[in-house]
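The values are calculated or read from the model by the stated rules, or taken from the named source; none is laboratory data. These numbers come from a predicted model, not from an experiment. Note that we place each Cβ from the backbone using ideal geometry, even for glycine, and neighbour counts take in every protein chain shown. Ligands, DNA and RNA are stripped out before the accessible areas are found, and what is left, the full protein with its side chains, is counted by its heavy atoms. Shrake-Rupley method; radii C 1.70, N 1.55, O 1.52, S 1.80 Å.
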Amino acid sequence: MGLPKLNTVEYFETLPVSKIETKFRPFNVKEQKVLLQTLEDGTPKAVSNGMMSLIRSCSELQDTDWTVDQLSNTDLEWLFVQIRMKSVGESTKVLLPCVNKPNGCDGQTPVEIDFEKMQIVGEVKDPKVMITDTIGVVLRIPSYKDIQELYESGEDISSDNIFQVLNKCIVQIFDGDNVYDTIEFTEKEVNEFVDGLTVDQFNVMMEWFSSVPKMVYNIEFACSKCGEKQTQELQGLQNFFV
């Protein structure tokens with residue numbers, strides 16, 4: 001006679017950027033052990049891979065028309081937090097450095113993060129962006145796969161390879177009645193188009209990327225060493241769990 005199996009509670013969540021609704025469950029003890037080992041590593045690649053592994057195991061995203069890799073980091077970070085909340089609680093403690101570190105304070109203050117107070121800020125604007133009176137581009141939000149390729153390259157992240165990711169997010173270029181799908185052109189040709197833009201024209205595109213939704217948490221605390229009161233805005237899973 002086998003041991004009894006426990007019923008698993010399932011939840012539904014609408015992702016903030018893609019608006020996809022997905023079903024998920026809390027993680028189990030085995031999955032938690034793997035997650036803790038990942039977070040102890042602390043590197044961006046390890047944290048990201050740990051998040052993805054957990055989402056694949058605990059959600060039904062892979063059963064939709066979307067693959068996990070196609071979703072934005074914001075969607076995946078949000079879903080990861082929802083899974084974590086239902087699994088081990090709605091708060092965690094992290095150590096935050098003092099903002100006075102450049103002036104000599106090396107204080108590390110333990111603060112409690114309340115996941116219920118996390119916010120999504122930003123918006124998905126019209127993907128069609130005019131960079132001159134007659135020439136424009138159609139953009140998309142960088143996917144998890146786009147970002148992960150930076151870490152898997154084995155190179156230090158620089159402005160050059162960040163620009164390469166953003167260039168991949170140009171879906172179309174148009175002028176007048178002509179529309180050019182960038183998938184039909186080489187990476188070099190697209191890069192040359194972007195390199196030919198003026199700084200002002202490039203900044204128009206960057207304004208669109210900078211407005212995309214992101215998960216943030218604002219916290220106020222006093223440094224445990226120097227006592228200075230401060231406000232910090234946290235972004236990204238490493239700030240919340242490492």
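Residue check, LEU61 against (1) free of Cβ contacts under 8 Å to residues at least 24 places away in the same chain; (2) open to solvent by less than 50 Å² (accessible area, probe 1.4 Å), all met but one. Which one?
In the conditions (1) free of Cβ contacts under 8 Å to residues at least 24 places away in the same chain; (2) open to solvent by less than 50 Å² (accessible area, probe 1.4 Å), LEU61 misses (1) alone.
Quick one: in the stretch 84-102, of everything that is at pLDDT below 90 and in a loop (DSSP other than H, G, I, E, B), which residue is nearest to PHE27 (Cα to Cα)?
Per the stated criteria, the residue is VAL99.
Please determine whether any residue of the stretch 68-83 is part of a loop (DSSP other than H, G, I, E, B) and open to solvent by 60 Å² or more (accessible area, probe 1.4 Å).
no
I'm told LEU197 meets every condition in (1) within 30 Å of GLU116 (Cβ to Cβ); (2) in contact (Cβ under 8 Å) with a residue 40 or more places away in the chain except one. Can you identify the failing condition by its number?
With (1) within 30 Å of GLU116 (Cβ to Cβ); (2) in contact (Cβ under 8 Å) with a residue 40 or more places away in the chain applied to LEU197, the lone miss is (1).
Given the structure, is VAL129 at pLDDT 95 or above, surrounded by 13 or more Cβ atoms within 10 Å (Cβ to Cβ) and on the phi < 0 side of the Ramachandran plot?
Yes.
Please identify the pairs in which a residue from the stretch 121-136 that is farther than 16 Å from THR182 by Cα has its Cβ atom under 9 Å from the Cβ atom of a residue that is among the basic types (Lys, Arg) and open to solvent by less than 80 Å² (accessible area, probe 1.4 Å), counting only partners at least 6 apart or on another chain.
Correct list of pairs: VAL121/LYS214; GLY122/LYS214.
Could you tell me which residue of the stretch 133-149 is nearest to ASN239 (Cα to Cα), considering only residues that are touching a strand residue (DSSP E or B) at 6+ places or on another chain (Cβ under 9 Å) and surrounded by 12 or more Cβ atoms within 10 Å (Cβ to Cβ)?
Among those residues, the one meeting the criterion is ARG140.
Somewhere in the stretch 35-50, is a residue small (Gly, Ala, Ser) and open to solvent by 30 Å² or more (accessible area, probe 1.4 Å)?
Looking through the stretch 35-50, none of the residues is small (Gly, Ala, Ser) and open to solvent by 30 Å² or more (accessible area, probe 1.4 Å).
Are any of the residues in the stretch 103-115 open to solvent by less than 40 Å² (accessible area, probe 1.4 Å) and assigned to a helix (DSSP H, G or I)?
yes
Only one of (1) assigned to a strand (DSSP E or B); (2) without any contact (Cβ under 8 Å) to a residue 60 or more places away in the chain; (3) in contact with a Leu (Cβ under 8 Å, 6 or more places away or on another chain); (4) open to solvent by 20 Å² or more (accessible area, probe 1.4 Å) fails for GLU13. Which number is that?
Here GLU13 clears every test but (2).
Inside the stretch 184-208, can you point out the residues that are surrounded by fewer than 16 Cβ atoms within 10 Å (Cβ to Cβ) and under 17 Å from ILE141 (Cβ atoms)?
Within the stretch 184-208, MET206, GLU207 qualify.
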